[in-house]
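Asks: Shown below is the structure under consideration.
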Amino acid sequence: MNQGITGDATPWYMQKLTPCEEVGGFPIRPGFFLENGATAIPGGVNFTVYSHGASSVELALFHRGAEEPFALLPFPDSCRMGNVYSMIVFGLQIEDFEYAYRVDGPWNPGRGLLFDRSHYLLDPYAKAVTGQSQWGTRPPYGFKYRARVVENDFDWENSVQPLIPMQDLVIYELHVRGFTRHPSSGVQYPGTFAGLAEKVPYLKELGINAVELMPVFEFDEMRDDREIGGRKLLDYWGYNPVCFFAPNTSYASDVEHNREGEELKSLIHLLHSNGIEVILDVVFNHTAEGDERGPYISFKGFDNQIYYLLTPDGKYYNFSGCGNTVNCNHPIVQRMILDCLRYWVSEYRVDGFRFDLASILGRNEDGSPMSKPPLLQSLAFDPVLGHVKLIAEAWDAGGLYQVGSFPAWNRWSEWNGRYRDDLRRFLKGDEGLIQAVATRIAGSQDLYDPALRGENASVNFITCHDGFTLHDLYAYSRKHNELNGWDNTDGENNNHSWNCGAEGPTEDAGILRLRRRLVKNACAVLLMSLGVPMLLSGDEFGNTQFGNNNAYCQDNEISWLDWGLLEENRELFQFFQYMIRLRHAHPVLRSGAKPAGCGLPRISFHGEEPWRLNASPQSRTLGVLFAGRDAADEADDILYLAINAHWESRTLRLLDLPDGRRWRKQVDTFCEPSTCAEWGEAPLVEGGSVTLEPRSVAVLLGCAQ
């Protein structure tokens, strides 16, 4: 590496380096121009940063917590190669300083040039960020973000990543802070990576095998902080990144000076050892710098016209809805994103990424969508990311909706918003949806051609962080976001929800039973659908956000999981647990199942009569038959999903099974308990038909006895 600098092929970290000159009283020499960021080396620290438009760059060194730097070191000409500035500063101990940059260059806002050396800028490749490490507090010296040098020497021992096939995943979306912040969580370190680690036995008990963590990159929760109704509102979700390479330090339970990220690595290590993969929700579509009214943090001062999509007059395109849009397909930005994801995979052993507003990643510099976006193609074929799950939120705030058409190269999966909307409407009783719902349950092949996209392109979900919880979906017919402070104008208005006859909390036993049944219906159908299921944390025990469908700012009981509901709704938890176990046990519910030996089709649709789907607008009854070989290729695996979304009971005549098999009812959401503890304990279905009570779901297993 960098042989031209040292004159031999010895690895740079093994070389004995000596100073060549002095700057600001510090001995320095040209650094390693390909090593972005700040890296500790024997005898000093290597600093590398780049700027296309800058005329000069200065390194600012601060004592910890100091407002002014103790040293300003301009990069001499000898430490510049092209547009890269790289300098080794000798005699620095990484525990003794924090650092930032000052960048000078032309000032021409109409052309997007905003160079101003009065601003201290955060290293775009910073591995740890200081300045706001205590949750919900502003630093004493204002928002002058600095970086620390990190020792990346975490001992992963002999651990290996689970490498679970995509089709076998059951994803569980959660917010690191909200998962354990409530006093009822019972953990020692609430609201932190360590607190989440304490809940790993619970995740194992539930049966999920992948967690999708809402943003853990360093973000600014204090952006737009305010007080409404006696509550302090913050940017709680974290979708406003400050730095892409650094973990959010306020999620650590203890100070990790110069070892930032170790608590997160320990969490990932523990999850892996329990067979659970880690998917990060990443935000590359915008940054916390906002528009022309926003702060200088990093990218504006380094190369504003490169890092952001700008209008011809130098203003910011806002396809993110957050003030700016990252120029993802510029070669410089594309490289940074690739470097970032490789870093999280190599240093943190992350198993996958969910890309927020991913359609922005496919926009050109003029904002238009590209047919073959270079960034998306590079991610699809990158060797380091070869086994990593890539999941797109295939839309953006600028009106680009690409569900089913996201550029994929047979590598990308998508959050299937069409699945969410069609299933929500159908399960609450809307008419005219039988054909659409059958297609969604069968893997949405109208959207995802298996020959082009494989069979795992659809990530199915009914709820996620953005919107109602599953409990609230059947407890509220309209959103209740008044406590967000925007007069209930924020959040989605079209939720396809239904309050079952009373808005919000009620003591009506009949309504409560109906709500619980509808939650179970949604769970059962989701986990019986082809594609990759994703659950929202807390849905399994009836967690509520009290009707708030946009709780992005609520760092309180509205967003925190109330673990007291787990015991109160233990039977609901057991139902989710059972359905997850059923999915894991039956390969016919996942892609790649082998054809059934008995001749039944892989998937077929039925109505009140077998083989006759009634797709009339008034029909609300659907039977879905799954058939295939088990994993050992020894016996046929046959399951039948029966759904009655009508408010009256319906009787479905069942098809006759081959080879003397009999139907056993494994699930009936109308009954309590709704499941059988073991497959063999399920009662036989007599008379060749099954009666579905109003608004209920049943699952039948074709057994050899």
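Asks: Compute from the Cα atoms of region 288-354 the Rg and the Dmax, the latter being the longest Cα-Cα distance, and quote both in angstrom.
Replies: Cα radius of gyration and Dmax of region 288-354 are 13.6, 42 Å respectively.
Asks: On to the next question. For TRP563, TRP647, give me the order by solvent-accessible area with a 1.4 Å probe, most accessible first, ignoring ligands, DNA and RNA.
Replies: Details: TRP563 15, TRP647 125 Å².
Heavy-atom accessible area, descending, gives TRP647, TRP563.
Asks: Provide the packing ranking of 590-598, 82-90, 692-700, i.e. peptides ordered by the mean count of other C-beta atoms within 10 Å per residue, highest first. Walk me through the numbers on the way to the answer.
Replies: Values: 590-598: 17.3, 82-90: 20.2, 692-700: 22.7.
By packing density, highest mean first, the sequence is 692-700, 82-90, 590-598.
Asks: Could you please put GLU151, GLU492, GLU35 in sequence from largest to smallest accessible area, using a 1.4 Å probe?
Replies: On the way: GLU151 70, GLU492 100, GLU35 45 Å².
The residues order as GLU492, GLU151, GLU35, largest area first.
Asks: Considering only C-alpha atoms, what is the centroid distance from region 655-705 to region 332-376, in Å?
Replies: Rounded to whole Å, the Cα centres lie 46 Å apart.
Asks: In whole angstrom, and with the biggest value first, how far do the Cα coordinates of region 416-494 range along each principal axis?
Replies: In descending order, the Cα extents are 48, 25, 18 Å.
Asks: Average projected area of the Cα convex hull of region 534-683, in nm²? If you can, show how the numbers build up before the last one.
Replies: Values: hull surface 47.9 nm².
Taking the Cα atoms of region 534-683, their convex hull projects to 12.0 nm² on average.
Asks: Whole percent per 5 Å bin, from 0 to the bin with the longest distance: what is P(r) over all C-alpha pairs of region 501-603?
Replies: For region 501-603, the pair-distance distribution reads 2, 10, 17, 18, 17, 13, 9, 6, 4, 3, 1.
Asks: Give the angle, between 0 and 90 degrees and rounded to the nearest 10, that separates the Cα long axis of helix 262-273 from the longest principal axis of the Cα atoms of the chain.
Replies: Approximately 30 degrees, to the nearest ten.
Asks: How many angstrom separate the Cα center of region 37-108 from the Cα center of region 211-263?
Replies: Cα centres, region 37-108 to region 211-263: 26 Å.
Asks: Residue-wise, which Karplus ³J(HN,Hα) couplings in Hz belong to region 378-395, taking 6.51 cos²θ - 1.76 cosθ + 1.60, θ = phi - 60°, and x for glycine or proline?
Replies: 4, 5, 5, 10, 5, x, 5, 8, x, 9, 8, 6, 10, 10, 9, 8, 7, 7
Asks: Give the Cα extents of the chain along the principal axes, in whole Å, largest first.
Replies: 92, 58, 51
Asks: Of the peptides 52-58, 264-270, 323-329, 63-69, how do they stack up when ordered by the mean number of other Cβ atoms within 10 Å, highest first? Don't skip to the answer; put the middle values down first.
Replies: Numbers: 52-58: 18.4, 264-270: 21.0, 323-329: 23.7, 63-69: 13.1.
Result, highest mean first: 323-329, 264-270, 52-58, 63-69.
Asks: Compute the normalised compactness of region 499-556: alpha-carbon radius of gyration over 2.2 N^0.38 Å, N being the residue count. Could you put the intermediate results ahead of the total?
Replies: Working: Rg = 13.6 Å, N = 58, 2.2 N^0.38 = 10.3 Å.
Output field value: 1.32.
Asks: Ok, one more. Roughly speaking, to the nearest percent, how much of the chain's 1.4 Å accessible area is carbon and sulfur?
Replies: Working: 12590 of 25680 Å².
Carbon and sulfur together cover 49 percent of it.
Asks: Using a basic spin-label model with each label point 7 Å from the Cα along Cα→Cβ, how many nm lie between GLN577 and ASN364?
Replies: With each label point 7 Å from Cα toward Cβ, the separation is 5.5 nm.
Asks: Sticking with this one: Roughly how big is region 439-571's charge dipole about its Cα centre, with Cβ charges of +1 (Lys, Arg) and -1 (Asp, Glu), in debye to the nearest 20?
Replies: Details: 10 positive and 20 negative charges, 117 e Å.
For region 439-571, the charge dipole is close to 560 debye.
Asks: For region 92-236, taking Cα atoms only, what is the radius of gyration to one decimal and the Dmax to the nearest whole Å?
Replies: Spelled out, the Cα radius of gyration and Dmax of region 92-236 are 20.2, 59 Å.
Asks: What residues have an amide H closer than 5 Å to that of ASP637, excluding those fewer than 5 places away on the same chain, when H is modeled at 1.01 Å from N in the peptide plane?
Replies: Close amide H contacts, sequence-distant or interchain: GLY628, ARG629, ASP630.
Asks: While we're on this one: Solvent-accessible area per residue for the chain at a 1.4 Å probe radius, Å²? Let's see the in-between values first.
Replies: Values: 25680 Å² over 705 residues.
For the chain, the per-residue accessible area is 36 Å².
Asks: Sticking with this structure for a sec: In whole Hz, what ³J(HN,Hα) sequence does region 338-355 give by Karplus (6.51, -1.76, 1.60; θ = phi - 60°), x for Gly and Pro?
Replies: 4, 4, 4, 5, 4, 4, 5, 6, 7, 8, 10, 6, 5, 9, x, 9, 10, 9
Asks: Straight-line reach from LYS428: which aspartates and glutamates fall under 16 Å, measuring Cα to Cα and dropping same-chain residues less than 8 apart?
Replies: The reachable aspartates and glutamates, counting only those whose Cα sits under 16 Å from LYS428, are ASP472, GLU503, GLU648, GLU693.
Asks: Lysines near LYS300 by alpha-carbon distance under 23 Å, same-chain residues fewer than 8 away left out - which ones?
Replies: Candidates past the 8-residue exclusion: LYS127, LYS144, LYS315.
Asks: If you take every DSSP beta bridge fully contained in the chain, what fraction is antiparallel? Give it as a percent rounded to 5. Walk me through the intermediate numbers first.
Replies: On the way: 80 of 106 bridges.
Once the DSSP bridges in the chain are tallied, antiparallel ones form about 75 percent.
Asks: Alpha carbon centre of region 395-422 versus region 586-623: separation in Å?
Replies: After rounding, the separation between the Cα centres reads 25 Å.
Asks: By how many degrees, between 0 and 90 and to the nearest 10, does the Cα long axis of helix 417-427 differ from the longest principal axis of the chain?
Replies: Value to nearest ten degrees: 30.
Asks: For the residue pair ASN258 and ALA451, what label-to-label distance in nm results when each label sits 7 Å from Cα along the Cα-to-beta-carbon direction?
Replies: For ASN258 paired with ALA451, the spin-label model returns 6.0 nm.
Asks: Could you pull out every one of the lysines with an alpha carbon less than 20 Å from that of LYS204, ignoring same-chain neighbours closer than 8 positions?
Replies: LYS265
Asks: Over every pair of different alpha-carbon atoms in region 152-207, take the mean of 1/r and invert it; report that Kirkwood radius in Å.
Replies: Taking every pair of different Cα atoms in region 152-207, averaging 1/r and inverting gives 13.3 Å.
Asks: Relative to the longest principal axis of the C-alpha atoms of the chain, give the angle of the C-alpha long axis of helix 570-585, reported between 0 and 90° and rounded to the nearest 10°.
Replies: On a 0 to 90 degree scale, this one is about 90.
Asks: A further question on this structure: Taking the radius of gyration and the Kirkwood hydrodynamic radius from Cα positions alone, what is the Rg/Rh ratio for region 180-301, to two decimal places?
Replies: 1.00
Asks: Ordered by residue, what ³J(HN,Hα) values in Hz, to whole numbers, does region 474-489 give under the Karplus form 6.51 cos²θ - 1.76 cosθ + 1.60, where θ = phi - 60° and Gly and Pro are x?
Replies: Ordered by residue, 3J(HN,Hα) equals 10, 10, 9, 8, 8, 6, 9, 9, 4, 6, 6, x, 10, 6, 6, 8 Hz.
Asks: Further question: Once Lys and Arg get +1 and Asp and Glu get -1 on their Cβ, which of VAL187, LEU385, LEU121 lies farthest toward the positive end of the dipole of the chain?
Replies: LEU385
Asks: Quick one: how many Å² of LEU652 are accessible to a 1.4 Å probe, rounded to 10?
Replies: 0 Å²
The values are calculated or read from the model by the stated rules, or taken from the named source; none is laboratory data. On a predicted model such as this, the values are computed, not experimentally measured, just so you know. Positions of Cβ are backbone-derived with ideal geometry, glycine not excepted, and every protein chain shown enters the neighbour counts. Remember, those area values only see protein heavy atoms, side chains included, never the ligands or the DNA or RNA. Shrake-Rupley method; radii C 1.70, N 1.55, O 1.52, S 1.80 Å.
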